[in-house]
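Every read-out reported here was derived from the displayed coordinates using simple, explicitly stated rules and does not represent laboratory data. Source: prediction; values computed, not measured. A quick note on method: Cβ atoms are made from the backbone with ideal geometry, for glycine too, and the neighbour counts reach across all protein chains shown.
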Amino acid sequence: MGERALRGVSAAPGVACGQAVVIDRAIAHVATTIPAGDRSAELARAQNALGAVALEMEQIGSQLREAGRNQEADIVETGVLMAGDPELYSRVESLVMKSGRPAADALRQAADESAHQLAQLRDPVLAERADDVRSLGRRAAARANGFEPGVIGGVIIASTLGPADVAELAMNAKGVALAGGGVTAHAAIVARSLGVPMVVGLGREVLEVGDGEEVVLDGDGGVLFRHPEDGRIAAARVEADRRQAARRAAVAHRLEPAQTKDGHRLHVLANATSVAEVVEALAQGAEGVGLLRTELLYLDARGWPTEAQQASFLRLILASLAGHVATVRLLDFGGDKTPPFLKGAEGRGIELLLDSPDALRTQLSAIVAAGADTKLRILIPMVTSPDQVRAVHEILGGVLRGRPAPQVGAMIETPEAARRAGEIADVCDFLSIGTNDLTQLVLGLDREHSKSAPVTDARVLRLIDATMHAAREAGIPVDVCGEAASDESAMPILVGLGVDELSVAAARVGEVRMWVRGLDYAGCRDASRKLLLDQPADAAGKGV
Ligand code: PEP
Ligand code: MG
């Protein structure tokens, strides 16, 4: 049988190769009705299963705490509270006693109903818990059917998994592939922090994979390969070994500066959306966060997030960045990041925020309050004009209440912004080039392709070069926070053009710092000049 690619969404980076272990199929489905006389015993079985799972989670929680993983422990321990939820108990009771449902079925259905209720809530953080409750139901159902959680190696395949499942399984699992699930769900956070590659949103088809079938999971590309070709298996094995060795080296060299062989100093920061990524990035020597994507937590939101909702997320993440650079990007909704409440709205990023100035004020207020102990920077997404930056400055001034003003920077990720980089730089403290959107918009590619597209294409390169000139004129630093910053061939060209900071995925920080130490700055400058000169200017002008 030929190789087949199932496509989902990357939730945790890395590559895994191994035998599939299909968790959901391990739970037998018994479609019978329990006779009235046996229902009390069946209910006791269901309750015991819930109790056993609660105990199990408590143990996982304390193991995580002992290992210093307090954030993951908090998440897992919330599951213990959910297992004791009286409403869940009464649902199970009614399903078994009134409807005669078997214990496992009742547990799954009761948990699904509780999860559905949570998912309807306006609070996106609580809604995220829906997956955790479903997972609790599945674990308890497996218990009720006599399935003991064992030592599972290989690539785990399931419909969805909760954080406790991932935390427990990750010790032995090579990767996780889910039919459903979300990139921002807690399970994904735990997987990222534990360094387990994870792909979500693969669809029900993934549950048809056979137990023991060899698969390759590409956590970066968001793909699961069935019947992988020999070459892919070999490449995946090499890549998995390489990553492990690179991480060990990254942590060992975290105190060495990111400086080229000829003494040019760069700053390597991290892109993040969770505390776990910040912790990992700092362990690998990151000097802070160059891009905190705030919108990903609210993609299912039914309204602009409130200050309290944003504060609870920001306080947690910014506390782990005390004393470090913390670049918080304003909500970048629109395009492929449009929540239900903005469906049909025109515009993207700052344009949408300026259409709802109260929402912008709310976010700025939450950021300045939560970031007091950090070297705080505010980054404006999808800027197209200096007036947008001025508008942010004005609203920011109104929420400072005596606190020091954070630096304000603009994303240069549209051709318009690059063309007006001089005017924009004049009203900014720094610029950050978003090569993902810039490449896409200039070359007319979709976002997935633009991640690996050549920023070295003259049309993109000239815009980056123009941005660099503008920033130098204004005397402000430039960061690159798109994927190109961690692309081994593009990064030296960007360095040669004079970028000051590279902001990359948390798990790549150490590797990129090591690459920098192997560079020759004079050589990078020559290579980037040559690329600009070698490509005719008229080719550069097209489509821009
Ligand atoms: C970019 O466009 O390069 C970028 C970093 O922003 P995002 O990927 O979040 O759109
Ligand atoms: Mg972007």
(message) Using the Cα centre of the chain as the reference point, and only Cβ charges (+1 on K/R, -1 on D/E), how large is the resulting charge dipole? Debye, rounded to the nearest 20.
(response) 340
(message) Using only Cα atoms and rounding to the nearest 10 degrees, what angle (0 to 90) does helix 458-474 make with the longest principal axis of the chain?
(response) 70
(message) Please report the equivalent ellipsoid semi-axes of the chain, computed as sqrt(5 x eigenvalue) of the Cα gyration tensor, largest first, in whole Å.
(response) 44, 27, 21
(request) Considering only DSSP beta bridges where both residues belong to the chain, give the percentage that are antiparallel (nearest 5). (result) 30
(request) Amide H neighbours of VAL325 under 5 Å, at least 5 residues apart or on other chains, H built in the peptide plane: list them. (result) VAL289, LYS375
(message) With angles folded into 0 to 90 degrees, how steeply does helix 521-534 sit against the dominant principal axis of the chain? Use alpha carbons for both and round to 10.
(response) 80
(message) Please report the net charge: other residues with Cβ closer than 10 Å to the Cβ of GLY371, K and R +1, D and E -1.
(response) +3
(message) Taking the Cα centre as origin and putting +1 on Lys and Arg beta-carbons and -1 on Asp and Glu beta-carbons, what dipole magnitude results for the stretch 261-541, to the nearest 20 debye?
(response) 500
(request) On a 0 to 90° scale, report how tilted helix 103-119 is relative to the longest principal axis of the chain, with both axes built from alpha carbons and the result rounded to the nearest 10. (result) 30
(request) Tell me the GluC sites (Glu not before Pro) within the stretch 450-522 that lie in a loop according to DSSP and have at most 10 other beta-carbon atoms within 10 Å. (result) GLU488
(request) From the P(r) of the stretch 290-397, can you give the percent of Cα pairs sitting at distances over 24 Å? (result) 19
(request) Within the stretch 325-379, list the trypsin sites (Lys or Arg not before Pro) lying in a DSSP loop whose Cβ has at most 11 other Cβ atoms in a 10 Å radius. (result) LYS343
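Report the full-extension gain for the segment ARG403 to SER312: residue separation times 0.36 nm, less the Cα-Cα distance, to one decimal in nm. Write out the running numbers ahead of the final one.
Details: separation 91, 0.36 × 91 = 32.76 nm, distance 1.97 nm.
That pair, ARG403 and SER312, stretches by 30.8 nm at full extension.
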(request) Among ARG91, ARG302, ARG265, rank each residue by its count of other Cβ atoms within 10 Å, from fewest to most, as a rough exposure measure. (result) ARG265, ARG302, ARG91
(request) Go through GLY402, ALA46, LEU318 and say which Cα lies farthest out towards the positive end of the charge dipole of the chain; charges sit on Cβ, +1 for Lys and Arg, -1 for Asp and Glu. (result) GLY402
(request) For the chain, calculate the relative contact order in percent as a whole number, restricting contacts to Cα pairs under 8 Å that are 6 or more residues apart. (result) 14
(request) Considering only DSSP beta bridges where both residues belong to the stretch 261-541, give the percentage that are antiparallel (nearest 5). (result) 5
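Order these by the 10 Å Cβ neighbour count, fewest first: THR32, THR78.
Numbers: THR32 9, THR78 18.
So the ranking, lowest neighbour count to highest, is THR32, THR78.
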(request) Calculate the spin-label point distance for LEU445 paired with ARG302, positioning each point 7 Å from the Cα along the beta-carbon direction, and give it in nanometres. (result) 3.9
